[in-house]
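Engineer: Sending over a structure as structure tokens; questions will come in a sec.
No lab work stands behind these numbers, since they all come straight from the coordinates. What you see is a predicted model, and the numbers here were worked out from it, not measured in a lab. For neighbour counting, all protein chains shown are included, and Cβ atoms are generated from backbone atoms with ideal geometry for every residue, glycine included.
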Amino acid sequence: MEIHILSIFPEMFASVLDESILGRALTRGLLQVHPHNLRNFTEDRHRVTDDIPYGGGPGMVMKPEPMVAGIRAIQERFGPSYVILLSPQGDVLCQDGVKGLARMERLLLICGRYSGVDARVTHYIDAELSIGDYVLTGGEIPAMVLVDAVARMIPQVLGDAQSAVEDSWFDSLLQGPVYTRPVEFEGLCVPDVLRSGNHAAVAKWRRQQALLTTWQRRPELLQGASLSVEDRAIIQDFEGA
Ligand code: 4GX
């Protein structure tokens, strides 16, 4: 998979891409990420990418010409891509959306700053996505979030841990508690079942804990989960207790 990013701060992406799992995906050729400098697609002497808003008011708006020139140039050089604008007005990204994006051959992520991007650029965009209902200073961090979430859904990127993300049985449930050594820490013990060596009992306990955590913290997620008859009985017990 190939991900292109159009931004006035292309250098922001280096540290995230150097990180262990993403860095390894890049060196293994499972993923390619190309940040592009929006300023390279300006035509004026001062390489201006923003301007004052029509109608007045505070803030600046990103000019349409460099954005559209950048989209065209990147697609002409590398081939067609699915173009995504990161913005608080977009559909909120969810794991199903991430999985869909991970199946695409080439993405182009558009990062805006200030009050946003001239509305005419939307004609050149396939999707507008938000990473959540809060306001950031630019689309670069949302683009990094998207790259990270998409990368871990590409086969082989996580290696041994891949089977865990592919386990649709736990999709849309929150994870329950996890433990590592030591067996006792400041008087707090690891549950016996996890040390029992009984794989079926461990699997059952993990399922119960995932259901409990989800029921306590994000009950609305249970609507979209695939629940067995046993799962529903466990939840009934929570509701009765
Ligand atoms: N999830 N921001 C984008 C500028 C902007 C505004 C409108 C395009 C259209 C955000 C988020 C987010 C702040 C990034 C405003 N660009 N993006 N920026 N939350 O808050 O994606």
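Engineer: With contacts defined as alpha carbon pairs under 8 Å and 6 or more residues apart, what's the relative contact order of region 94-219 in percent?
Structural biologist: Details: 61 pairs, mean separation 29.5, N = 126.
Result for region 94-219 is 23 percent.
Engineer: Report the residue, chosen from GLN209, GLN75, GLN223, that carries the largest GNM mean-square fluctuation when the chain is represented by alpha-carbon nodes joined by springs under 10 Å.
Structural biologist: It is GLN223.
Engineer: So which residue, out of VAL193, VAL165, VAL157, gets the largest mean-square fluctuation from a GNM of the chain using Cα contacts under 10 Å as springs?
Structural biologist: VAL193
Engineer: Starting at the first residue of region 174-180, write each ³J(HN,Hα) from the Karplus equation 6.51 cos²θ - 1.76 cosθ + 1.60 with θ = phi - 60°, in whole Hz, x for Gly and Pro.
Structural biologist: Using θ = phi - 60°, the values come out as 7, 7, x, x, 10, 9, 9 Hz.
Engineer: Of ILE5, ILE154, ILE110, ILE74, how do they rank once you tally other Cβ atoms within 10 Å and put the fewest first?
Structural biologist: Sorted ascending by nearby Cβ count, the order is ILE154, ILE74, ILE110, ILE5.
Engineer: So, one more: Charges at C-beta only: +1 for Lys and Arg, -1 for Asp and Glu. How large is the resulting dipole of the chain about its Cα centre, in Debye rounded to 20?
Structural biologist: On the way: 22 positive and 31 negative charges, 74 e Å.
With only Lys, Arg, Asp and Glu charged at Cβ, the dipole is about 360 debye.
Engineer: List the residues whose amide H sits under 5 Å from the amide H of ILE5, counting only those 5 or more places along or on another chain, with H placed 1.01 Å from N in the peptide plane.
Structural biologist: Correct list: HIS34, HIS36, LEU109.
Engineer: In nanometres, what is the gap between the two model label sites at SER115 and GLU220, each 7 Å from Cα along Cα-to-Cβ?
Structural biologist: Each label point lies 7 Å from its Cα, and together they span 3.1 nm.
Engineer: Nearest 20 debye, what's the magnitude of the dipole of region 108-241 about its Cα centre given +1 on Lys and Arg Cβ and -1 on Asp and Glu Cβ? Don't skip to the end; give the middle numbers.
Structural biologist: Details: 11 positive and 18 negative charges, 31 e Å.
Magnitude of the dipole: close to 140 debye.
Engineer: While we're on this one: Using a/c under 1.5 as the rounded threshold, could you call region 134-239 rounded, prolate or oblate? The axes a ≥ b ≥ c are square roots of the C-alpha gyration tensor eigenvalues, and prolate needs a/b larger than b/c, oblate otherwise.
Structural biologist: Details: a/c = 1.74, a/b = 1.41, b/c = 1.23.
In terms of gyration-tensor shape, prolate.
Engineer: Can you compute the modelled spin-label distance between ALA73 and GLN32, with each label point 7 Å from Cα toward Cβ, in nm?
Structural biologist: Each label point is offset 7 Å from its Cα along the Cβ direction, giving 1.8 nm.
Engineer: With r as the distance between the Cβ atoms of GLU239 and CYS189 and R0 = 35 Å, compute the FRET efficiency 1/(1 + (r/R0)^6) and round to 0.05. Present the calculation step by step, with values, prior to reporting the outcome.
Structural biologist: Values: r = 28 Å, r/R0 = 0.81.
About 0.80, to the nearest 0.05.
Engineer: Which of GLU220, GLU140 comes first, and how do the rest follow, when ranked by fewest Cβ neighbours within 10 Å? If you can, show how the numbers build up before the last one.
Structural biologist: Details: GLU220 7, GLU140 24.
By the 10 Å Cβ count, ascending, the order reads GLU220, GLU140.
Engineer: Amide H to amide H, which residues 5 or more places from LEU174 or on other chains are under 5 Å from it, using H placed in the peptide plane?
Structural biologist: THR214
Engineer: Right, another one. Please compute the modelled spin-label separation between TYR82 and PHE9, points set 7 Å along Cα→Cβ, answer in nm with one decimal.
Structural biologist: 2.7
Engineer: Give the span of the chain's Cα atoms along each principal axis, as three whole-Å numbers ordered largest to smallest.
Structural biologist: Principal-axis extents of the chain (Cα, largest first): 70, 42, 37 Å.
Engineer: Further question: Quote the relative contact order of the chain in percent (integer), defining contacts as alpha-carbon pairs under 8 Å separated by 6+ residues.
Structural biologist: Details: 319 pairs, mean separation 44.9, N = 241.
Computed over the chain, the figure is 19 percent.
Engineer: While we're looking at this one, here's another question. Dipole size in debye (nearest 20) for region 148-223 around its Cα centre, Lys and Arg Cβ +1, Asp and Glu Cβ -1? Working shown, then result.
Structural biologist: Details: 8 positive and 9 negative charges, 37 e Å.
With Lys and Arg at +1 and Asp and Glu at -1, about 180 debye.
Engineer: Sticking with this structure for a sec: Give a residue-ordered list of calculated ³J(HN,Hα) values for region 58-75 (Karplus: 6.51 cos²θ - 1.76 cosθ + 1.60, θ = phi - 60°; whole Hz; x for Gly, Pro).
Structural biologist: Here the 3J(HN,Hα) series is x, x, 10, 10, 6, 5, x, 4, x, 4, 5, 4, x, 4, 5, 5, 5, 5 Hz.
Engineer: How big is the Rg/Rh ratio for region 63-128, C-alpha atoms only, Rh by Kirkwood, two decimals? Intermediate results must be reported in sequence, preceding the final value.
Structural biologist: Working: Rg = 12.2 Å, Rh = 12.7 Å.
Expressed as Rg/Rh, it is 0.96.
Engineer: Which one of TYR114, TRP169, GLN208 has its Cα pushed farthest toward the positive end of the charge dipole of region 93-227, where Lys and Arg give +1 and Asp and Glu give -1 at the Cβ?
Structural biologist: GLN208
Engineer: Now, a different point. For the residues VAL33, VAL183, VAL202, what sequence is obtained by ranking on other C-beta atoms within 10 Å, fewest first? Could you put the intermediate results ahead of the total?
Structural biologist: On the way: VAL33 21, VAL183 12, VAL202 15.
Listed from fewest to most nearby Cβ atoms, that is VAL183, VAL202, VAL33.
Engineer: Which three extents, in angstrom, do the Cα atoms of region 98-168 have along their principal axes, listed largest first?
Structural biologist: Largest to smallest, the principal-axis extents are 44, 24, 17 Å.
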